[in-house]
Amino acid sequence: MIFDPITVCNLELQNRFVRSATHEFMAEKDGKPTSRLGDLYEELAKGEVGMIITGYSYALPGGQSDIYQQGIYDDRFIEPYLEITERVHRYKSKIVLQIVHGGRQATTSEAYPVPVAPSAVKDGHAAVMPREMTEQEIMKMIEAFTKAAVRAKKAGFDGVQLHCAHGFLLSNFISPYTNVRTDRWGGSVENRARIVTEIVGCIQEQAGADFPVLVKMNATDGFRPGSQKAELGITISQAAETAKFLEKAGVCAIEVSGGISEAGAVTIRTAITSPVKEAYFKEYSKAIKKAVNIPVMLVGGIRSLPVMEYLLEEGFSDLISMSRAFICEPDLVLRLKSEDAKKTRCQSCNLCFDLEGVRCNFEFNRNSSD
Ligand SMILES: Cc1cc2nc3c(=O)[nH]c(=O)nc-3n(C[C@H](O)[C@H](O)[C@H](O)COP(=O)(O)O)c2cc1C
């Protein structure tokens, strides 16, 4: 099943493998994409990855969260991105640009000393108090995401993915822990999702209703169950309701993830040493899949072929999304297809965060048996 083609967002994918968005640390300081990104995506395309989602690309200069992060805030980035998408399209893979604003997890700098967020809820992890956005700033943000998507289309991307996960701006709006507004941008699930549904509507108006808009969303903030913060955070039923609003607005596929920085190592778990530890958000994706009719992608600790097949067959997910396994092995799909392997060599050690460019720094392990 996993190697069978599937149509998602009107895109014909050669199989059900998705490279989940992965910050590559390969852009220039101002966010301009480099040919190194093209090299990496081309390698994934040669490796027959059905859909490649780029690293998170910031829609406004103040929305950056990490060094060497790619940007999409200016028209001058269209040309270098176009060179990259053309390289990918020599193969059968599709490529989707992930768009983000850092929100309360944005990097502070002289130019941007205070991060913006739906509400002034202090980030215990970064010890920063963000500033509540004004109505006018929210409208400008919607415009920035829309312009970013239009640029992505011009640059040859097959679609965009709005990053509504991991504690960045759009997930700040969706979670009641970080959004305590009492206007039309806060309160009910519908209000908290409004910034995203507005962005989707504006993109469809300006990039065309057939230009795919995907979402990666948090189904949990990731706080320890029973803790005070967990009580304040998003519940699975709220996440499922949010997904319904996104579907209604025109989102064509949802990737399910979880965790914000403040909650600790939730998104990118280590020590995935057995099949039962794989796919750690699978109950969330199952609940969201039940709530919507659009395809659902699951990410988080998926490592072995039997688990992948199980997730697809048992209705946990329609596609299998992975980040670290593809850092470790861009040719993973080919290796799994050749049947000499049943799982990735990725050790989930997280040494892949490398300022000189994302890479597997656990190479010495790569000759171990499967
Ligand atoms: C180096 C690195 C960079 C990441 N950058 C992003 C990103 O830009 N956007 C995003 O949504 N998730 C990002 N993630 C999270 C992954 O997409 C994924 O959700 C997480 O790693 C769990 O999946 P995995 O076990 O397959 O790695 C990143 C993960 C890693 C390891």
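Each row is one residue, and each column tells you yes or no for (1) under 29 Å from Asp158 (Cα atoms); (2) of a type in the set (Lys, Arg); (3) more than 14 Å from the ligand (Cβ to nearest atom).
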{"position": "Ala243", "(1), (2), (3)": "yes, no, yes"}
{"position": "Gly250", "(1), (2), (3)": "yes, no, yes"}
{"position": "Arg269", "(1), (2), (3)": "no, yes, no"}
{"position": "Lys282", "(1), (2), (3)": "yes, yes, no"}
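If you go through region 87-107 and keep only what is within 22 Å of the chain's Cα centre (by Cα), part of a loop (DSSP other than H, G, I, E, B) and more than 16 Å from the ligand (Cβ to nearest atom), you end up with His89, Lys92, Ser93. Restricting attention to region 44-54, the residues that are crowded, with 24+ Cβ neighbours inside 10 Å and either assigned to a loop (DSSP other than H, G, I, E, B) or touching a Gly at 6+ places or on another chain (Cβ under 8 Å) (or both) total 3.
Looking at Pro80, Pro33, which is the one that is assigned to a helix (DSSP H, G or I) and not hydroxyl-bearing (Ser, Thr, Tyr)? None of the others qualify; the one that does is Pro80.
Regarding Ala127, is this residue free of Cβ contacts under 8 Å to residues at least 60 places away in the same chain, surrounded by fewer than 24 Cβ atoms within 10 Å (Cβ to Cβ) and closer than 29 Å to Phe173 by Cβ? Yes; evaluated as a whole, the condition is true for this residue. Being over 27 Å from Thr108 (Cα atoms), within 18 Å of the chain's Cα centre (by Cα) and either crowded, with 21+ Cβ neighbours inside 10 Å or away from the ligand (no atom under 16 Å from the Cβ) (or both): is that true of Leu82 here? Taking the combined requirement at face value, the residue does not satisfy it.
Taken together, the criteria place Gly38 among residues that are touching a Lys or Arg at 6+ places or on another chain (Cβ under 6 Å), at pLDDT 95 or above and either over 21 Å from Leu351 (Cβ atoms) or assigned to a loop (DSSP other than H, G, I, E, B) (or both).
Applying a threshold of 6 Å to beta carbon distances and a minimum spacing of six or more residues, or different chains, the list of pairs starting in region 14-41 at a residue that is more than 16 Å from Leu97 (Cα to Cα) and ending at one that is more than 11 Å from the ligand (Cβ to nearest atom) and of a type in the set (Val, Ile, Thr) reads Arg16/Ile2; Arg16/Ile6; Phe17/Val49; Phe17/Val333.
Residues in region 130-148 that are buried (at least 24 other Cβ atoms within 10 Å of the Cβ) and either over 16 Å from Ile195 (Cβ atoms) or more than 16 Å from the ligand (Cβ to nearest atom) (or both): 1 in all.
Take the residues of region 300-336 that are touching a residue at least 40 places away in the same chain (Cβ under 8 Å), closer than 18 Å to Phe353 by Cα and among the aliphatic types (A, V, I, L, M): which is farthest from the ligand (Cβ to nearest atom)? So the residue we want is Ile327.
The values are calculated or read from the model by the stated rules, or taken from the named source; none is laboratory data. Not measured: the values here are computed from a predicted model. Every residue, glycine as well, gets a Cβ built from its backbone with ideal geometry; the counts of neighbours run over all protein chains shown.
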